[in-house]
C-alpha cells in the first residue's frame, strides 16, 4: 500500500518546485492543518525519493544569500505518483467497505 507521506510530498511537488519547509506548509494548508509533516519524517523521505529518481534537487539562493535545497518532481516521480494514487484509491475503497459495510454509500464514503 502506498505511503501517505510519499503521496503527500509527491502531490505537493506536482504543483511546482519547493524547498522542504514549503512542502510541509503546503501539506498543512491543503489539509486545513490536519496533516503535519515533521522534519524527522520529511527530510529522510525527500532524500529517499531523490535516490529513487522521483525528485531532483538544486540549491537556490533566497533572502539575502541564504540557500535552500529546492525539490522538483521528475517525470519518473510523476508516473509513480499517478500509480500510487490509483493504488491508494483502490485500497481505501476496499477498507471503507470493510469498515462501513453496505452502509458505506449512505455515509458518502464509497
**Asked** In region 5-31, which residues are more than 25 Å from residue 67 (Cβ to Cβ) and touching a residue at least 60 places away in the same chain (Cβ under 8 Å)?
**Response** 6, 7, 11
**Prompt:** When you go through 65, 39 one by one, which is the residue that is over 15 Å from the mean Cα position of the chain (by Cα), exposed (fewer than 14 other Cβ atoms within 10 Å of the Cβ) and more than 16 Å from residue 2 (Cβ to Cβ)?
**Reply:** 65
**Asked** Taking region 57-89, which residues are without any contact (Cβ under 8 Å) to a residue 24 or more places away in the chain and in contact with a helix residue (DSSP H, G or I) (Cβ under 7 Å, 6 or more places away or on another chain)?
**Response** 57
**Request:** Could you tell me which numbered condition residue 73 fails, if it satisfies all but one of (1) farther than 17 Å from residue 2 by Cβ; (2) surrounded by 14 or more Cβ atoms within 10 Å (Cβ to Cβ)?
**Result:** (1)
**Item:** Meets criteria (buried (at least 16 other Cβ atoms within 10 Å of the Cβ) and either within 14 Å of the chain's Cα centre (by Cα) or not in a loop (DSSP other than H, G, I, E, B) (or both)) for residue 99
**Value:** no
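Every number in this text was worked out from the coordinates using simple rules, so none of it is lab data. If you're wondering where the values come from, they're calculated on a predicted model, not measured in any experiment. Cβ sites come from the backbone with ideal geometry, for glycine too, and all protein chains shown count toward neighbours.
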